[in-house]
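S.K.: So that we are looking at the same thing, I have put the structure below in structure tokens.
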Amino acid sequence: MTAEVKAAVYPPPAEDEGRDGLLGWLLTIDHKRIGLLTIGTALLLFFFNGAIALTMRAQLAQPNQDILSPQAYLQFMTMHGTGMIATTITPLALGLGVYLVPLQIGAPRIAAPRTTLLGYWFYVAGAIMLIWGFLTPQGAQSGWWGYTPLSNSMYTPGPGQPLWVAGFFLAATGMILQGVTTLWTIFRLRAPGVTMMRMPVFTWAQLVTVLMVVAAFPALLAALLIIVIQRFDPGLGASNAWNFAYQELFWFYGHPVVYVMFFPFVGCVAEALSTFSGRRFFGYQGTVLSLLVFATGSMAVWGHHLFASGQEVNDYFSLTSIMLTIPAGVEYFGFLGTILGGRLRYTTSMLFALAFIPQFLIGGLTGILVANPTIDYQVNNSYFILGHFHYTLLAGSFFGFMAGFYLWFPKATGVMLREGLGKLHLVLLVIGTNTTFIPFFFLGMRGMPRWMATYPSGAGFTTLSLISSIGAGIIGLAMLVLLWNIYVSARFKKLAPPDPWRGQTLEWATSSPPPRFNFNLAYPVPKVRGYAPLFDLRERARGEQARGEQVRAQQAAEGR
Amino acid sequence: MPFRNQFAWLFGQNTTIAWVVFGLVCFTLLVAIALSWWRRRRGRPASDKAESNRLELGYVAALTGMVVFLVISSFAANGKESADPPVTYRVQVTGYQWCWRFSYLGTPLAVSGQCGGAQLPVLVLPAGQPVELQVTSSDVVHAFWVPYLRYKTYAYPGHVNKFTVTMPGTGKWIGRCAQLCGVYHYEMDFWLQVVSPAQFSQFLTNGGHLR
């Protein structure tokens, strides 16, 4: 490595080195701290929005209940949906990238760290405004879709809905900023030797994620402006063009965002599977290609949310949506190929990754079902769809996140989590998610629409709803076990070595937690010859050892 | 009334495929766990084969074949649903916050009711005769859904969505609003009642009363 390259890769000015305490965190330009702030804030909001969901499940456990008034139910439902998507799962997805991408590509920092921090603060401001709107008497009541004219000032007066618009807008803008800086980091700051085709699967997943953020999120900002315009002139809500334009723009964001909330967790699962299978990820090139195809295709499927609108080209969107089976299938074959050849180690992270495979698959396969207009006409906007996307998001993506959380927690904090509590968390979460969301499919088939604040007793929804509510309670319990695990691990510290799992990617070559500029003289960036550099090094070391033994054996045989 | 048949056919076909795929993936997971156990017992290392282009092309081809099949099925079912027979009656279905109004076009008759009570509005249709439903809204977006029909369509203000139903026999089924439309969205239930053609003519002429 020449001196010039070194200077480019390790810029020494340590402007905020040494600054610590609260201010050191809130004004940090260290991507690790920004990433942890983003993930931490999103996890806090996960508990908040989860508590809201539990309240809704309590309301729906029995027919004709009055725990939440119909109005309050809609406010809770709007907060749960918008909160989970805009201020929880999306920031979890992008925050992981802000934390991990520079480490995985051997970079000392993130590109434009102040912009990344600004993205975090936009996101926090957005979350505060959403919750602020939620706390106003009327709140926002038009769901996370915010369809006009329901969301305009004629049908939802009061400050709650405008605060929802502002909050959603700010949170999305913040995510665009974090996405852009992650993208630029990948393009400009890779360590020598880290070519594009030597980036770990997780970093590739982040790359396609942020490409979708950049391409799709601005459409949401445009859509939200339609609500703003209609709030000034609600008469426009009588014209189909203003409402349908909103729906098109909203779903142009609304579909890619579900893959934004999916790919980073596919990346987590891929890293966990290959690490704990003790081998390289199978079919790396095919998986990378499939991620790119998937991201491109995801921009062309939004219309399947409008099959029942009577104003959409249904065959076209059915074609594009079903076609996504190909890249999704390639990724699944990559997962299965990896574990089929592996010697598996059943850590909590690995178990979450393994559980992700069948659990997400339920969401994926029902997704293919609803890509058929004929099936969608029936199940769209029913509990069947709720079942479908809660399987993708909670039973799927969130399991992927937890696989990553248990994998990288020691790296980020320097402290090991308790494996036993982690496995209890997993078991409870598997039971909880399935008990909650399997009944949703049957409720949908029985004709239960979404967004119902309550339901009559004779409609045949009671038993299934009750089972689902019990499941939601189990999910709540599982998440308390996670909190307990974090508390116990922080209170009675078991320190983490740099590489507790025999990791394969560059973040495991540095200390836990990594130093301010990620790598230093004590922990340099090793030579990168492939997409699993640490695995390559171990393999070569084993090879050299074996050759050495062979030579020694030969020398002994020759009697020297 | 093609929706029920097409839905039953396609849903059955798709769920069968889905179950097979789900079963195969779960089986593969178990195989991987068994293989790993076997490797550990024999002291064998993990496989060092990180790719197999022939296998990868094979599964891409298999996936593509499946997609072609699924797309053709989707188009076939959707094409059969778009066929519009000549209609005998036209009924305008208007959603509003928070109930429904059914106007029998060409007659002065328009019926409604009270959603959220015992007096749900009833959409009365004749058996065996194709009827065009024109779904629209007078305020926010609603959706007209009769689960028994296996069909729903959005009701937009300033736009009419048309579809044709031919109900084979008499009966009474629940219908619901399937788009969030405000506080009493959950109360927007109605009945779809199918009567004999003779009863239907009477219904049209005596001001919307069924005997």
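S.K.: Net charge near A:LEU477: determine it from the other residues with C-beta under 15 Å of the C-beta of A:LEU477, scoring Lys and Arg +1 and Asp and Glu -1.
M.R.: Local charge sum for A:LEU477: +2.
S.K.: I'd like the mean, over residues of A:378-386, of how many other protein chain beta carbons sit within 10 Å of each residue's own Cβ.
M.R.: Mean partner-chain Cβ count within 10 Å for A:378-386: 4.
S.K.: Taking other Cβ within 10 Å of each residue's Cβ, how do B:LEU30, B:LEU192 sort, fewest first?
M.R.: B:LEU30, B:LEU192
S.K.: Now for a separate question. Using a 7 Å offset from Cα along Cα-Cβ at A:VAL313, what residues in the range A:288-305 end up with backbone N under 13 Å from the label point?
M.R.: A:300-304
S.K.: Given the options B:PRO45, B:PRO168, B:PRO157, which has the most mean-square fluctuation in a GNM of chain B, springs set between C-alpha atoms less than 10 angstrom apart?
M.R.: B:PRO45
S.K.: Here's another thing I want to ask about it. Using every Cα-Cα pair within the range A:1-261, state what percent have a distance larger than 33 Å.
M.R.: When all Cα pairs of the range A:1-261 are counted, 28 percent exceed 33 Å.
S.K.: Just how far, in whole angstrom, is the range A:460-525 from the range B:124-183 if you go by their alpha carbon centroids?
M.R.: If you average the Cα positions of each part, the centres end up 49 Å apart.
S.K.: Let me ask something else. Can you give the FRET efficiency to the nearest 0.05 for A:THR296 and A:LEU26, using r as the Cβ-Cβ distance and R₀ = 22 Å?
M.R.: Here the calculated transfer efficiency is 0.05.
S.K.: Something else: Do the sum for chain B: with -39,500 (n - 2.57) for every DSSP H run of n ≥ 4, divided by all residues, what is the mean residue ellipticity at 222 nm, to the nearest 500 deg cm²/dmol?
M.R.: -13500 deg cm²/dmol
S.K.: Same structure, new question: Taking the Cα centroid of the range A:354-368 and of the range A:184-232, what is the distance between the two, rounded to the nearest whole Å?
M.R.: 25 Å
S.K.: Over the C-alpha atoms of the range A:505-560, what are the Rg and the largest Cα-to-Cα span, Dmax, in Å?
M.R.: Spelled out, the Cα radius of gyration and Dmax of the range A:505-560 are 16.8, 54 Å.
S.K.: Taking each residue in A:347-360, count the Cβ atoms of any other chain within 10 Å of its Cβ, then average. What number comes out? Working shown, then result.
M.R.: Numbers: counts 0, 0, 0, 0, 0, 0, 0, 3, 1, 0, 5, 4, 0, 0.
Mean partner shielding for this stretch: 1.
S.K.: Let me ask another. Scaled to the compact-protein estimate 2.2 N^0.38 Å, what is the alpha-carbon radius of gyration of the range A:374-462, rounded to two decimal places? Mind dumping the intermediate values first?
M.R.: Values: Rg = 17.5 Å, N = 89, 2.2 N^0.38 = 12.1 Å.
Here the answer is 1.45, to two decimals.
S.K.: Another question, if that's okay. Once you have the Kirkwood Rh of the protein assembly as shown from its Cα pairs, apply Stokes-Einstein at 25 °C and 0.890 mPa s and quote D in µm²/s.
M.R.: Details: Rh = 27.7 Å.
Translational diffusion coefficient: 89 µm²/s.
S.K.: Cα atoms only: what Rg and Dmax, in Å, come out for the range A:30-137?
M.R.: 17.1, 58
S.K.: Here's something else I'd like to know. Karplus couplings for the range A:60-69 from phi (6.51 cos²θ - 1.76 cosθ + 1.60, θ = phi - 60°), rounded to Hz, Gly and Pro as x?
M.R.: 8, 5, 9, x, 6, 8, 10, 5, 10, 5
S.K.: Go ahead and estimate [θ] at 222 nm for chain A from helices alone: -39,500 (n - 2.57) per DSSP H run with n ≥ 4, summed, over the residue count, rounded to 500.
M.R.: Computed mean residue ellipticity for chain A: -22500 deg cm²/dmol.
S.K.: Could I ask something else about it? Rank B:ALA83, B:ALA178, B:ALA61 by mean-square fluctuation in a GNM of chain B with C-alpha springs under 10 angstrom and give only the top-ranked residue.
M.R.: Of B:ALA83, B:ALA178, B:ALA61, the Gaussian network model singles out B:ALA61 as fluctuating most.
S.K.: While we're on this one: How big is D for the range B:61-127, in µm² s⁻¹ as a whole number, if Stokes-Einstein is applied with the Kirkwood radius of its Cα pairs at 10 °C and 1.306 mPa s?
M.R.: Values: Rh = 15.6 Å.
This corresponds to a translational diffusion coefficient of 102 µm²/s.
S.K.: Hey, another quick one. Can you pull the percent of Cα pairs in the range B:2-82 with separation above 16 Å?
M.R.: When all Cα pairs of the range B:2-82 are counted, 70 percent exceed 16 Å.
S.K.: Rounded to whole Å, give me the distance from the Cα center of the range B:82-102 to that of the range A:114-168.
M.R.: 35 Å
S.K.: With N residues in chain B, what two-decimal value do you get for its Cα radius of gyration over 2.2 N^0.38 Å? Don't skip to the end; give the middle numbers.
M.R.: Numbers: Rg = 25.5 Å, N = 211, 2.2 N^0.38 = 16.8 Å.
In units of the globular-protein estimate, chain B measures up at 1.52.
S.K.: If you don't mind, another one. Tell me the angle of helix A:284-298 to the major Cα principal axis of chain A, expressed in degrees between 0 and 90 and rounded to the nearest ten.
M.R.: Roughly 20 degrees, rounded to the nearest 10.
S.K.: Treat the range A:280-496 as a sphere of radius equal to its Kirkwood radius over Cα pairs and apply Stokes-Einstein at 4 °C in a medium of 1.567 mPa s; give the translational diffusion coefficient in µm²/s, rounded to a whole number.
M.R.: The Stokes-Einstein estimate is 67 µm²/s.
S.K.: Could you work out which residue, out of B:ARG44, B:ARG176, B:ARG101, moves most in a Gaussian network model of chain B, that is, has the largest mean-square fluctuation with Cα springs under 10 Å?
M.R.: With Cα springs under 10 Å in chain B, the top fluctuation among B:ARG44, B:ARG176, B:ARG101 is at B:ARG44.
S.K.: If you don't mind, another one. Which whole number gives the average, over all residues in A:240-246, of C-beta atoms from other chains lying within 10 Å of the residue C-beta?
M.R.: 4
S.K.: Within 10 Å of each residue's Cβ, count the other Cβ atoms and sort A:THR148, A:THR296 from fewest upward.
M.R.: By the 10 Å Cβ count, ascending, the order reads A:THR296, A:THR148.
S.K.: Taking every DSSP beta bridge that has both residues in the protein assembly as shown, what percent is antiparallel when rounded to the nearest 5?
M.R.: DSSP beta bridges in the protein assembly as shown are roughly 65 percent antiparallel.
S.K.: Could you work out how far helix B:2-42 tilts from the main Cα principal axis of chain B, as a 0 to 90 degree angle to the nearest 10?
M.R.: So the helix axis and the longest Cα principal axis differ by about 20 degrees.
S.K.: Mind checking the full-extension length gain between B:ASN53 and B:VAL160? Use 0.36 nm per residue of separation minus the Cα-Cα distance, one decimal, nm.
M.R.: 33.3 nm
S.K.: Residue separation times 0.36 nm, minus the C-alpha to C-alpha distance between A:PHE47 and A:LEU521: what's the value?
M.R.: 166.6 nm
S.K.: In addition: Net charge near A:SER465, counting Lys/Arg +1 and Asp/Glu -1 over other residues with Cβ under 11 Å of its Cβ?
M.R.: In short, +2.
S.K.: Quick one: what are the phi-derived ³J(HN,Hα) couplings along the range A:452-459, Karplus 6.51/-1.76/1.60 with θ = phi - 60°, whole Hz, x for glycine and proline?
M.R.: 3J(HN,Hα) across the range A:452-459, in whole Hz: 7, 6, 7, 8, x, 6, x, 7.
S.K.: Which of A:LEU429, A:LEU273, A:LEU361 comes first, and how do the rest follow, when ranked by fewest Cβ neighbours within 10 Å?
M.R.: The most exposed by this proxy come first: A:LEU361, A:LEU429, A:LEU273.
Laboratory data are not the source of any read-out in this text; all were calculated from the coordinates shown. If you're wondering where the values come from, they're calculated on a predicted model, not measured in any experiment. Positions of Cβ are backbone-derived with ideal geometry, glycine not excepted, and every protein chain shown enters the neighbour counts.
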